[in-house]
1. Could you check, for region 178-195, whether at least one of its residues is exposed (fewer than 15 other Cβ atoms within 10 Å of the Cβ), in contact with a helix residue (DSSP H, G or I) (Cβ under 7 Å, 6 or more places away or on another chain), over 22 Å from residue 245 (Cβ atoms) and touching a residue at least 24 places away in the same chain (Cβ under 8 Å)?
2. Determine if region 135-151 includes at least one residue that is buried (at least 17 other Cβ atoms within 10 Å of the Cβ), in contact (Cβ under 8 Å) with a residue 24 or more places away in the chain and in a strand (DSSP E or B).
3. Somewhere in region 113-127, is a residue closer than 23 Å to residue 266 by Cα and touching a residue at least 60 places away in the same chain (Cβ under 8 Å)?
4. Among the candidates 124, 81, 106, 73, which residue alone is touching a strand residue (DSSP E or B) at 6+ places or on another chain (Cβ under 9 Å) and part of a helix (DSSP H, G or I)?
5. Of all the residues that make up region 197-225, how many are surrounded by 13 or more Cβ atoms within 10 Å (Cβ to Cβ), closer than 24 Å to residue 160 by Cα and without any contact (Cβ under 8 Å) to a residue 40 or more places away in the chain?
6. Within region 171-188, is there a residue that is in contact with a strand residue (DSSP E or B) (Cβ under 7 Å, 6 or more places away or on another chain) and under 27 Å from residue 57 (Cα atoms)?
7. Taking the conditions exactly as written (in a strand (DSSP E or B), touching a helix residue (DSSP H, G or I) at 6+ places or on another chain (Cβ under 8 Å) and closer than 17 Å to residue 268 by Cα), does residue 89 satisfy them or not?
8. Here is a check on your reading of the model: is residue 130 surrounded by fewer than 13 Cβ atoms within 10 Å (Cβ to Cβ), under 23 Å from the mean Cα position of the chain (by Cα) and more than 30 Å from residue 237 (Cβ to Cβ)?
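Readers should treat all values here as calculations from the given coordinates under stated rules, not as data from a laboratory. As the structure is a computational prediction, the values presented were derived from the model and not from experiment. Cβ: placed from backbone, ideal geometry, glycine included. Neighbour counts: every protein chain shown.
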């Protein structure tokens, strides 16, 4: 979540006071401004993430009606930025490297993406980038609206990975009227946030669904009790990037098919991708003379 002028951060730091007994205290206005700053920082992090490659492992468990695991699978991806778009290359299933045939199919898929981007004309590229940027800005505005949708309570200060964080609980604010269409779901959730005290970046979010949420024309429902925990980590002393996501989803699609799923996602091996590197389709690589 991002900030505008520098004065809100200065104000927030100077206005942090301690009540009797040493308990930290922030006003509602200060905490709302803090969440707006975090929204702005998210946009900066999203842009900087494009300079990195990383490994993403997703492990999914399908559960029965009693919460017991019916089946499990994992997939591991190499994630990179190609021509301004994030691309995932599948490299392993159930922690085993892809077989020769599957690996070739995946490489062919990636090469098709590269070829499509490499031969994109200037107007197509600008249109695609504008669409991506619009989506990022809409996401930023959605997160900024969190500041208006909730009543906040500073629970404590807590050290995480050696850094001091504000621990803030958020409950839906009575009478809240959303400005964005997508923000209508916010009153259906409560959350706890751990926000880095020095850098105004969120370290961890624990989000709980407290009422049924309906989506789309083909009716899909996310049930009360669904939960997502998201953690970030500081990389290269310059950017905060995803570290771990744990999801528990109880949902029904079209009132027929029910999904009861747990998913665990880890992100690791962040490496700075050379900005001058150019990836070209295999067919365009010149033969040595």
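1. yes
2. Yes, because at least one residue in region 135-151 is buried (at least 17 other Cβ atoms within 10 Å of the Cβ), in contact (Cβ under 8 Å) with a residue 24 or more places away in the chain and in a strand (DSSP E or B).
3. no
4. Exactly one of 124, 81, 106, 73 is touching a strand residue (DSSP E or B) at 6+ places or on another chain (Cβ under 9 Å) and part of a helix (DSSP H, G or I), namely 106.
5. Number of matching residues: 4.
6. Scanning region 171-188, I find no residue that is in contact with a strand residue (DSSP E or B) (Cβ under 7 Å, 6 or more places away or on another chain) and under 27 Å from residue 57 (Cα atoms), so the answer is no.
7. Against the criterion (in a strand (DSSP E or B), touching a helix residue (DSSP H, G or I) at 6+ places or on another chain (Cβ under 8 Å) and closer than 17 Å to residue 268 by Cα), residue 89 qualifies.
8. yes
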